[in-house]
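The values are calculated or read from the model by the stated rules, or taken from the named source; none is laboratory data. Everything numeric in this text was worked out from a predicted model, so none of it was measured. Cβ: placed from backbone, ideal geometry, glycine included. Neighbour counts: every protein chain shown. These accessible areas exclude ligands, DNA and RNA; they are computed on the full protein's heavy atoms, side chains included. Shrake-Rupley method; radii C 1.70, N 1.55, O 1.52, S 1.80 Å.
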Amino acid sequence: MASTLEKFIHSLDLRALPRVLQIQSGFYGQDSVYEMFGNECSLSTEEVIKVIGFKINKLIASICENNEVSQFSAKVELPLNFPGLYKVVADKTPYVSIEEIARKVSIGPTRFGHPCFYSTEDIKLANFTIKHNEQITFNSVEEVHGTMAVNCVVVRNNKSHSFTLPLSQEGEFYECEDDQIYTLKEIAEWKIPKCRHRIVKLSNTLHMWDSSSPLPENFDGCLILMPVYEVQAVMKFRKDIVHILSDLDVEVKDVTDCYDTSSFLQPFSLEDIFERTSKEFPMIAEIMEGPSGSQKPYKLLSAGKEIVIHKKYQAARVLASEIRSDSSKKRYLIPMSYKGKFKRRPREFPTAYDLEIARSEKEHLHVVATKAFTSPHKELFSVSVGDQFLVQQRQTSEVLYEGRKRLIDVLACEQILSDSYKKVLLPMYMEGGFVEVIHDKKQYHLSEICKEFHLPFNVKVSVRDLSIEKDVLAAAPGLQFEEEITDSYLLISSASSPVESWEIPVYRLSMLVHLLSKDVQTVVPPVTRTTVEEISEEEYYMLRRYENLTLHPPPRPPKKPT
């Protein structure tokens, strides 16, 4: 049965892809030509295309009041890279079965693909009872003993309980509140159920408002987002990907069951390649759709080029930000292979507690006070602007408070006088201001800094990396190394001229390839070129957010005695 392209998308289960469609009729009719993103293709009647995926191309947004569209609100079009971080508002419309959830909600292996729901009634399983209003995390969909089911987890008393729910399970299921923040692109990919809209609340604009913004100045409310989908398809006798918007006025018919899908090329994303076993590498691939960007190696990865994918692995990077007073600071991911050298720059510390975190056994931390502090206790030191200290160690001290002696945490320091040193105690809760005095003139490699010092750490490039055509770090007035992270990479080189190889990030590079049945001539990959990756503000916040989830936060500074 024929249907519009939009209806087909809304009824399609992603797990059923790929699907082969035959063009039936529509505005574009016989021998018509459709062009999107530079891809020109014929959508003739009776034409056959293989749909390999679909995604949200853009969002139609309306300002929302009390979870309803304002009658005065005009609809605006938002691109997926529209700046800002958003919180998802839980959908108040229930789902009537697990099958409906699996069909409409994105459930997958990534950190975004684990939606949470609760049931309004108890659900009794063979050896487990899910209580009503208890949060259920959906992890994956798979076949269990011949029946399709969802793998779920419930956490009780800090202990996880795993179980499966069949798709046939009926009930009344509601979305749980979500306290994470997302970019619009992440929401579009993972957080908009099919055939439903999504309400989001602006959490952080990331950028200053300007007159070109479709949203009102100082807007901090809610938006209702309606998706416009884009179909990714492969046509016979073509090696590129065709992008077709869902609102194209054309009728299609699903002919998958009577068509040989192997006659089409099979595209793979970088994530698909990374999921392959290590034994399958190296492999040769032809690029079907390359990434955007003028930075090496991205400008070399154009459609039609053949590449060798040597291996997959996890690699360390240092997340760094420019030190500058305005909001236009750039962010970088620096590989450990960076061959430049750095000199230290003074760090700033807002509290005595920060001094305790930064001190090391290797050297005395020397600081100058930039803010005065008057101690409420005679046993502790009052600080004046310009006072200099050598930070010693953390300890406890007895103070007199309201006629009673109390033990509090303090920082033992030596005050530097003109011709001597004076032992003083600073309360750990002290809110002041300190600037580091640098005596160390040594030049350090990146690996030495990560090994010898606590991050964050301030530096400036003193010797640029001569192996890089344009070392972007050398132009920075100063850099703060914020933390060391681990990310997923593929090592690639050109198949025609394998002079050098490059590391490309799996989850920050949008690229499609198809594999070629050719033998790899070079077993040993050529020399790997160092690439300093400049990342966007949104990517920076995402890296900080998810890296910090794996770390235990430092203890909070002690509070002032009350």
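Here are the numbers for this structure:
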quantity: The one condition in (1) at pLDDT 90 or above; (2) open to solvent by 40 Å² or more (accessible area, probe 1.4 Å); (3) of a type in the set (S, T, N, Q) that residue 496 fails to fulfil; calculated: (1)
quantity: Those residues of region 370-387 which are of a type in the set (A, V, I, L, M) and either over 28 Å from residue 402 (Cβ atoms) or open to solvent by 40 Å² or more (accessible area, probe 1.4 Å) (or both), in sequence order; calculated: 372, 385
quantity: Residue match in region 358-366 (condition: within 30 Å of residue 479 (Cβ to Cβ), of a type outside the set (A, V, I, L, M), touching a helix residue (DSSP H, G or I) at 6+ places or on another chain (Cβ under 8 Å) and buried (at least 17 other Cβ atoms within 10 Å of the Cβ)); calculated: no
quantity: Hits in region 416-462 (condition: among the small types (Gly, Ala, Ser) and surrounded by 15 or more Cβ atoms within 10 Å (Cβ to Cβ)); calculated: 432, 433, 462
quantity: Condition met for residue 491 (over 30 Å from residue 52 (Cβ atoms), at pLDDT 90 or above and of a type in the set (A, V, I, L, M, F, W, C)); calculated: no
quantity: Filtered residues of region 499-510 (kept if open to solvent by 20 Å² or more (accessible area, probe 1.4 Å) and under 17 Å from residue 533 (Cα atoms)); calculated: 502, 503, 507, 508, 510
quantity: Given (1) without any contact (Cβ under 8 Å) to a residue 40 or more places away in the chain; (2) assigned to a helix (DSSP H, G or I), index of the condition residue 396 fails; calculated: (2)
quantity: Neighbours by Cβ (under 6 Å, 6+ apart or cross-chain): first from region 20-31, on the phi > 0 side of the Ramachandran plot; second open to solvent by less than 40 Å² (accessible area, probe 1.4 Å) and at pLDDT 50 or above; calculated: 26/250; 31/44
quantity: Qualifying residue in region 243-254 (condition: in the same structural domain as residue 504 (by the TED database) and open to solvent by 70 Å² or more (accessible area, probe 1.4 Å)); calculated: no
quantity: Residues located in region 399-438, provided they are among the acidic types (Asp, Glu) and either in a strand (DSSP E or B) or within 22 Å of residue 456 (Cα to Cα) (or both); calculated: 409, 414, 431, 436
quantity: Residues (more than 13 Å from residue 175 (Cα to Cα) and of a type in the set (S, T, N, Q)) located in region 107-126; calculated: 110
quantity: Test: residue 405 is open to solvent by 80 Å² or more (accessible area, probe 1.4 Å), in contact (Cβ under 8 Å) with a residue 40 or more places away in the chain and either farther than 30 Å from residue 529 by Cβ or in contact with a Ser or Thr (Cβ under 8 Å, 6 or more places away or on another chain) (or both); calculated: no
quantity: Verdict on residue 285 being under 27 Å from residue 453 (Cβ atoms), assigned by the TED database to the domain that holds residue 468 and surrounded by 18 or more Cβ atoms within 10 Å (Cβ to Cβ); calculated: no
quantity: Odd one out for residue 276, checked against (1) of a type outside the set (A, V, I, L, M); (2) under 25 Å from residue 498 (Cβ atoms); (3) open to solvent by 70 Å² or more (accessible area, probe 1.4 Å); calculated: (3)
quantity: Selected residue (only one of 136, 107 is at pLDDT 95 or above, among the β-branched types (Val, Ile, Thr) and open to solvent by less than 60 Å² (accessible area, probe 1.4 Å)); calculated: 136
quantity: Verdict on residue 387 being farther than 28 Å from residue 530 by Cα and at pLDDT 90 or above; calculated: yes
quantity: Checking residue 187 against (1) farther than 16 Å from residue 95 by Cα; (2) in a strand (DSSP E or B); (3) modelled with pLDDT of 85 or more, the condition it does not meet; calculated: (2)
quantity: Odd one out for residue 203, checked against (1) in a helix (DSSP H, G or I); (2) among the hydroxyl-bearing types (Ser, Thr, Tyr); (3) closer than 30 Å to residue 116 by Cβ; calculated: (1)
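Yes/no matrix, rows are residues, columns are (1) within 19 Å of residue 347 (Cα to Cα); (2) polar (S, T, N, Q); (3) not assigned by the TED database to the domain that holds residue 479:
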{"residue": "381", "(1), (2), (3)": "no, no, yes"}
{"residue": "402", "(1), (2), (3)": "no, no, yes"}
{"residue": "406", "(1), (2), (3)": "no, no, yes"}
{"residue": "411", "(1), (2), (3)": "yes, no, yes"}
{"residue": "420", "(1), (2), (3)": "no, yes, yes"}
{"residue": "425", "(1), (2), (3)": "no, no, yes"}
{"residue": "431", "(1), (2), (3)": "yes, no, yes"}
{"residue": "447", "(1), (2), (3)": "no, yes, no"}
